[in-house]
There are 2 protein chains.
Amino acid sequence: MIKANDPSLKSWIEVNPNCDFPIQNLPFGIFKTQSSSARVGVAIGDQVLDLAVLNKLGYFNNLKIGEAVFVNNFLNDLIALGKPTCSALRQRISDLLNETNAELRDNKEAREKALQYISNVQLLMPVKVGDYTDFYSSIDHATNVGTMFRDPANALLPNWKHLPVGYHGRASSIIVSGTNFLRPKGQTKPADVDSPVFGASKSLDFELEMAFIIGKPTSLGETISTAAADDYIFGLTLFNDWSARDIQTWEYVPLGPFLAKNFASTISPWVVTLEALEPFRTAGYEQTPKVLPYLEYTGNKNIDIYLEVAILPETGTETTICHSNYKYMYWTMEQQLAHHTSNGCNINIGDMMASGTISGPTPGSFGSMLELAWKGTKPLPLNDGTERKFINDNDTVIMRGYCQKEKVRIGFGEARGKVLPAL
Amino acid sequence: MIKANDPSLKSWIEVNPNCDFPIQNLPFGIFKTQSSSARVGVAIGDQVLDLAVLNKLGYFNNLKIGEAVFVNNFLNDLIALGKPTCSALRQRISDLLNETNAELRDNKEAREKALQYISNVQLLMPVKVGDYTDFYSSIDHATNVGTMFRDPANALLPNWKHLPVGYHGRASSIIVSGTNFLRPKGQTKPADVDSPVFGASKSLDFELEMAFIIGKPTSLGETISTAAADDYIFGLTLFNDWSARDIQTWEYVPLGPFLAKNFASTISPWVVTLEALEPFRTAGYEQTPKVLPYLEYTGNKNIDIYLEVAILPETGTETTICHSNYKYMYWTMEQQLAHHTSNGCNINIGDMMASGTISGPTPGSFGSMLELAWKGTKPLPLNDGTERKFINDNDTVIMRGYCQKEKVRIGFGEARGKVLPAL
């Protein structure tokens, strides 16, 4: 048995070097086909491995997992088996896909039942999200916003460097990549009129984020230390926190964003396990002033995930408008989770916690149109000759992300969403 | 058949005139006993009617409801049957309890199986809450807070009279009456030091609120008009939005309250149907300036629910410190729901939407310690000779509420929570 993360591993399934899903990744998702109900799958190359089929055929007999865990609308029941079992399952899948392993490779009938091209299946929401929290943990993003809307000399509010600012978001409107949605309507207050008006948002934006998914619950009153936090994180997805800036500006005082955000948030369909990402840990920003003891942590806790955003207009080709990286987070996931539970707030399997917009230090790495086009003052040119201050009707926004080291690329696939005109 | 709301109805079960649960109420809840699993019950007088037992005995045969709906940890599956079915069920229960109906009254064996004293059962969380939203819709409360922390001359922020300000809260930490919890710890920034500190909150407060529960889902992109909103509201509970003021002050800019709120919210165990509350509709405040068309409504949409809050110290007796009323809401539930969905945000059965602190126009009607003790400047005397600026360790806060007309009292029971010392 070679460990599932080993860079030397090769699968008997051919995987293109630019593919997000080599044998070292093995992300979990939920899919269905025209002939089958929703079930758990794992991405390998351009194919999906049907875990319900493999379980039924006895390939996971040693793990003793019930059929209902795999024939399921969500990953929550699988995740609830715990990290040791999920890790053993991932290792078993790695073994089965290993080029030297004949068990599945040489069983044509089983192979044909268990493997399908991703392009032939429908990918569904991977988890049932109980509660969704959004943080605001990129220092470059917070500085940009503070500079634009407040004071460049005091861009960060007094609390920002002392705690990972966060707020609750809407779980019901988190949708999986490929789900189109309507441009939201809402109240806005144009500067040149006395009273607010109601209509379609005129400044629809994306926010480039990552989200982590809770893998282990706590009870009310329980806390999680930064050292223990990784035990509670199952994996990550890309996250587009769609935002209507004009609605936000008018509604958000004093209790925060609400309808400016809760019309849709798009995630990538594959949950990449934290385990698969461990080789890509890296150091983050130095935290000055020193944080309070409950937020201290040791070791490298950022993750080097290259991120990009492209706009695809109704006609024409994609223009990549942002190159960023998850390593630019000032606050780590472990700190976010320690903070979130420091008051005893309980968490559940499937809860989603997003990073906040991930901007880097340079203009090309800013994670929102607000920052990229600097409040509309620097419109972005697209390949088709048009330009954008915000997102137009029928534009598709595509987020992608991957880690890369020693020719191993661990990616997330796409978080893709198209904005349809308001009704 | 006499309609379930008829004030002339009497039950063969004796109901004290000061009891919240006469035959005209029939609120739904979830309970269990030492010998039975969680199930749906209806309160009548000081007893609970076991709907699982009645269904099994054939009393609901005409309604054709499966056993799993009644033997259930939550009301969601019952609510999902729709208002016509739930209304027919309530009517059938009313008929069965009517003093002139012998079906259950004269069947000693069935009666003994189906009825238990509330004091002998454990009341559980009535619904599985998907998303929880908190509004800020009491004009007296918003004016008090604005006066205290901003400018008495401009107490309301510019958006306040144009839209029902709301924000997302934490669903996981909503707990049922009788569940104790720990005083939260968190970061605060005392005025006299340069850096924040971490420790137990020193200004723990309650917020007197009502919450309504969604009874019918929408899809992403769908909107609900104020005229249609009542079809989507199943019923209401009391709601205590516990708040740690010192944590809130430091954390809440710019994205709103987070850890100051999500350590616990206490609800009453019985869901009083909107149907039972209809006779108590009343006019609300006049809304000036005129609201935008999507927020206009006709008819009386406030509800006259008397509300009170008492503090019970570890030793001693209760002191009632607040007398308020749900009719003081500036924004109605119907407006809140129309606003919430105006951008296409989808809602699900079991979602909870709370009112925000309900304060009336006079000091004795203020719905939080912050307002009652006016930021600590006017400590409240208790019966035991002590006084309170905020809530002490081992204090129990008890909220109660009821409508009353023509000798019919439709009440909510209690939302009771005890604050244990921080660990």
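General observations
- Within the range A:43-54, residues that are outside the structural domain of A:Arg92 (by TED's automatic domain parsing) have Cβ atoms under 8 Å from residues that are open to solvent by less than 10 Å² (accessible area, probe 1.4 Å) in no pair, counting only partners at least 6 apart in sequence or on another chain.
- Filter pass, B:Thr218 being in contact (Cβ under 8 Å) with a residue 40 or more places away in the chain and more than 19 Å from B:Phe149 (Cα to Cα): yes
- The range B:118-132, residues that are within 14 Å of chain A (Cβ to nearest Cβ) and either in contact with a Lys or Arg (Cβ under 8 Å, 6 or more places away or on another chain) or modelled with pLDDT under 95 (or both): B:Asp131, B:Tyr132
- Looking at B:Leu156, B:Leu115, just one residue is under 21 Å from B:Pro257 (Cα atoms), touching a residue at least 12 places away in the same chain (Cβ under 8 Å), surrounded by fewer than 20 Cβ atoms within 10 Å (Cβ to Cβ) and more than 9 Å from chain A (Cβ to nearest Cβ), and that residue is B:Leu156.
- Residue count for the range A:25-76, restricted to those that are in contact with a Gly (Cβ under 7 Å, 6 or more places away or on another chain) and modelled with pLDDT under 95: 0
- Scope the range A:283-306; condition closer than 18 Å to A:Thr226 by Cα, open to solvent by 40 Å² or more (accessible area, probe 1.4 Å) and more than 14 Å from every other protein chain (Cβ to nearest Cβ); matching residues: A:Ala283, A:Tyr285, A:Glu286, A:Tyr297, A:Thr298, A:Gly299, A:Asn300, A:Lys301
- For the range A:307-411, the strands (runs of 3 or more DSSP E) that sit wholly inside it and include 3 or more residues that are closer than 30 Å to B:Tyr252 by Cβ and either open to solvent by less than 40 Å² (accessible area, probe 1.4 Å) or at pLDDT 95 or above (or both) are A:319-325, A:352-354.
- Restricting A:Gly256, A:Gly350 to those that are closer than 25 Å to A:Lys375 by Cα and out of contact with any His (no Cβ under 7 Å at 6 or more places or on another chain) reduces the list to A:Gly256.
- Selection status of A:Ala171, facing another protein chain (nearest Cβ under 8 Å) and either among the small types (Gly, Ala, Ser) or touching a residue at least 60 places away in the same chain (Cβ under 8 Å) (or both): yes
- Search result, residues across the range A:191-202 that are surrounded by fewer than 24 Cβ atoms within 10 Å (Cβ to Cβ) and at pLDDT 95 or above: A:Ser195, A:Pro196, A:Val197, A:Phe198, A:Gly199, A:Ala200, A:Lys202
- B:Thr188 being of a type outside the set (Asp, Glu) and either more than 9 Å from chain A (Cβ to nearest Cβ) or buried (at least 20 other Cβ atoms within 10 Å of the Cβ) (or both): yes
The values are calculated or read from the model by the stated rules, or taken from the named source; none is laboratory data. Here the structure is a predicted model, which means the values were calculated and not measured. In this analysis, Cβ positions are derived from the backbone assuming ideal geometry, glycine residues included, and neighbour counts consider all displayed protein chains. Note: areas computed on protein heavy atoms with side chains; ligands, DNA, RNA excluded. Shrake-Rupley method; radii C 1.70, N 1.55, O 1.52, S 1.80 Å.
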